[in-house]
Amino acid sequence: MTSTTTPRIGARVLLLDPADRVLLIHALDPTDPGHHWWELPGGGLDDGETLHDAARREVAEETGLTLTAIGRKLWTRESRFRYKNRDHHRIDHVFLARTTTTTPEVALKPTENEKAGLIERRWWTVDDLEDCNDKLLPAEMPDLLKAVLTGQFNDTPLVIAG
């Protein structure tokens, strides 16, 4: 677990399928089930792990999909939030990746924390995201996905707060 003083470093993946849909995970706070959100697959780095290695490992554990390549970094997002009655501080590095399949290739390996908070996984189009009334992390996800898909994404990784 993290504290508010020391940020936990993480890697997340904007994972696109052959139809240019993005995979998001619907999660909730087990201590406050009314607090739920959609986020990219990913999580914290293990000791000695690189960002790319963590991104590949997290995607495999959370989705069963194996990635041979991780693309460029799209953005870094720093956030402070309350989860399971504790304050957390995260800095997530978000990378672009593509998959040729949406069918899990390896067994999922969710942590106990992930098991307690997982609602579902879903592939989303830009239109789906624009119509979503749930909390998206980051909130700018529809515009970010649109920019990636139309080639309008800046070459320099963005810095997103929130």
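The values are calculated or read from the model by the stated rules, or taken from the named source; none is laboratory data. Note that this is a predicted model, so its numbers are computed, not measured. We place every Cβ from the backbone using ideal geometry, glycine too, and count neighbours over all the protein chains shown. Calculation scope for accessible area: heavy atoms of the full protein, side chains included, ligands and nucleic acids excluded. Shrake-Rupley method; radii C 1.70, N 1.55, O 1.52, S 1.80 Å.
Scanning region 82-115 for residues that are open to solvent by 80 Å² or more (accessible area, probe 1.4 Å) and either at pLDDT 95 or above or within 16 Å of PRO7 (Cβ to Cβ) (or both) turns up ARG82, ARG86, ARG98, THR100.
Residue count for region 1-29, restricted to those that are more than 18 Å from GLU130 (Cα to Cα), assigned to a loop (DSSP other than H, G, I, E, B) and either open to solvent by less than 10 Å² (accessible area, probe 1.4 Å) or modelled with pLDDT of 90 or more (or both): 3. For region 1-50, a tally of residues being without any contact (Cβ under 8 Å) to a residue 40 or more places away in the chain and among the charged types (D, E, K, R) returns 4. Taking PHE153 and the conditions (1) more than 24 Å from HIS36 (Cβ to Cβ); (2) surrounded by fewer than 16 Cβ atoms within 10 Å (Cβ to Cβ); (3) more than 17 Å from the chain's Cα centre (by Cα); (4) not basic (Lys, Arg), which numbered condition does it fall short on, given that it satisfies the others? Among (1) more than 24 Å from HIS36 (Cβ to Cβ); (2) surrounded by fewer than 16 Cβ atoms within 10 Å (Cβ to Cβ); (3) more than 17 Å from the chain's Cα centre (by Cα); (4) not basic (Lys, Arg), the lone unmet condition for PHE153 is (2).
Yes or no, residue by residue, for (1) within 17 Å of LEU28 (Cα to Cα); (2) within 16 Å of the chain's Cα centre (by Cα):
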site: ASP92; (1), (2): no, yes
site: VAL106; (1), (2): no, no
site: THR111; (1), (2): yes, yes
site: THR125; (1), (2): no, yes
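Among the residues making up region 58-76, those that are among the hydroxyl-bearing types (Ser, Thr, Tyr) and either under 19 Å from LEU145 (Cβ atoms) or outside any loop (DSSP other than H, G, I, E, B) (or both) are THR63, THR76.
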